[in-house]
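First up is the structure itself, then whatever we jot down about it.
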Amino acid sequence: MQPGLHFVATPIGTARDITLRALDVLASADVLAAEDTRSLRRLLEIHGVPLGDRPLLSYHDHSSAKVRGKLLAYLEDGQSVAYASEAGTPLIADPGYHLSVEAAEAGHLVTSAPGPSAIITALTLAGLPTDAFFFAGFLPNAKGARRSGLEAVKDVPGTLVFYESPHRIGDMLSDASRVLGPDRKAVICRELTKKFEEVRRGTLGTLAEEISGTKLKGEIVVLVDRAALRETSDEDLEAALQSALTTMSVRDAADSVAKAYGAHKRSVYQMAIKLSGK
Ligand code: SAM
């Protein structure tokens, strides 16, 4: 196996969701490191991958500058290091970022055996547009900071994806309904790939009401549709036409404004004739 840092994605629920390549990497790396060494040991056992006498280190970005130094020293020594999250893809709301940056800066190979992540699994099931999405991670705990976090992503032109804990989901949905609007489509994906997998679809308003007062258990992803395009008023169209008519013929101005606003061509043309006084 090539010397270097090999990130390994692990299942987010069902143990058999690990990839064959992830198992190969875990079987042949010189050194193993994990966010949670107990979970990795269990996963190795389930899939019959012997740890043997290879080192297995516990590593988190924040608590382990010393361990990071050790891992970088193994890389310096020409060894292969496999790093796995407790669940899902490393670095996605999980440790690995500082390790990745420092290993790359030191000139080592940094590569990945990709696999499950709750973001992609939830997007696949939610039934919201996937052409563009924004992963906002976990919102802050405190109400004020959470509302500011929601305010900051209000106008993102894509599906919003949040990770959330079962204790805070009620507060999160009621704040999201308030800040983003109760009519936006929203989806709760819970316990993905596990026995009690559940997908609840609705709007922020209806879901906030459903969830208030009930207890949701397990792991949760919340997805929210992008804001609807603002309806164009006649005043908007007139202002755009006035400006276009200063440089264009009536027909061209009407064509260009109708296209820009997705408006009905004929009515924009009639408005342009009126404005031009012809
Ligand atoms: N690295 C992981 C990934 O790639 O998805 C995410 C780790 S983050 C610490 C844990 C959060 O991810 C959970 O609180 C939940 O919001 C989401 N999550 C992880 N597994 C999930 C699952 N099976 N179903 C729903 N959400 C899940």
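Along the charge dipole of the stretch 29-129, Cβ charges K/R +1 and D/E -1, which of Leu32, His108, Ala122 sits furthest on the positive end? Positive-most Cα among the choices belongs to Ala122.
Please state, to two decimals, what the Cα-based radius of gyration of the stretch 26-173 comes to when divided by 2.2 N^0.38 Å (N = residues).
Cα-based Rg divided by the globular estimate yields 1.24.
Semi-axis lengths, largest first, of the ellipsoid equivalent to the stretch 199-278 are 47, 11, 9 Å, with √(5λ) applied to each eigenvalue of the Cα gyration tensor.
When you work out D = kT/(6 pi eta Rh) for the stretch 119-278 at 20 °C and 1.002 mPa s, using the Kirkwood radius from C-alpha pairs as Rh and the Stokes-Einstein form, the result is 119 µm²/s. In plain terms, the residue of Ser112, Ser39, Ser243 with the fewest other Cβ atoms within 10 Å comes first and the most crowded comes last, giving Ser243, Ser39, Ser112.
What FRET efficiency do you get for Arg168 and Ala73 if R0 is 30 Å and r is their Cβ-Cβ distance, rounded to the nearest 0.05?
For R0 = 30 Å, the calculated efficiency reads 0.15.
Among Lys154, Lys217, rank each residue by its count of other Cβ atoms within 10 Å, from fewest to most, as a rough exposure measure.
Lys217, Lys154
Its Cα centre serving as origin, the chain has a Cβ charge dipole (Lys and Arg +1, Asp and Glu -1) of approximately 640 debye. Each of Ile211, Thr10, Gln79 was scored by the projection of its Cα onto the charge dipole of the chain, and the greatest displacement toward the positive side belongs to Ile211; charges sit on the C-beta of Lys, Arg, Asp and Glu. By other beta-carbon atoms within 10 Å, ranking Met271, Met1, Met172 with the fewest at the front produces Met1, Met271, Met172. Just so you know, the Cα atoms of the stretch 93-167 work out to an Rg and Dmax of 15.7, 43 Å.
Scaled to the globular estimate 2.2 N^0.38 Å, the Cα spread of the chain, given as radius of gyration, is 1.37.
Here the Karplus curve 6.51 cos²θ - 1.76 cosθ + 1.60, taken at θ = phi - 60°, turns the phi angles of the stretch 133-147 into couplings of 9, 10, 8, 9, x, 8, 6, x, 6, 6, 3, x, 5, 5, 5 Hz, with x standing for Gly and Pro. Simple point charges give the picture: +1 on the Cβ of Lys and Arg, -1 on the Cβ of Asp and Glu, and for the stretch 208-266 a dipole about the Cα centre of about 220 debye.
Give me the percent of DSSP beta bridges within the stretch 1-131 that run antiparallel, rounded to the nearest 5.
Numbers: 1 of 17 bridges.
Roughly 5 percent of the DSSP beta bridges within the stretch 1-131 come out antiparallel.
Coordinate-derived values only; no laboratory data. Computed from a predicted model, the values in this text were never measured in an experiment. A quick note on method: Cβ atoms are made from the backbone with ideal geometry, for glycine too, and the neighbour counts reach across all protein chains shown.
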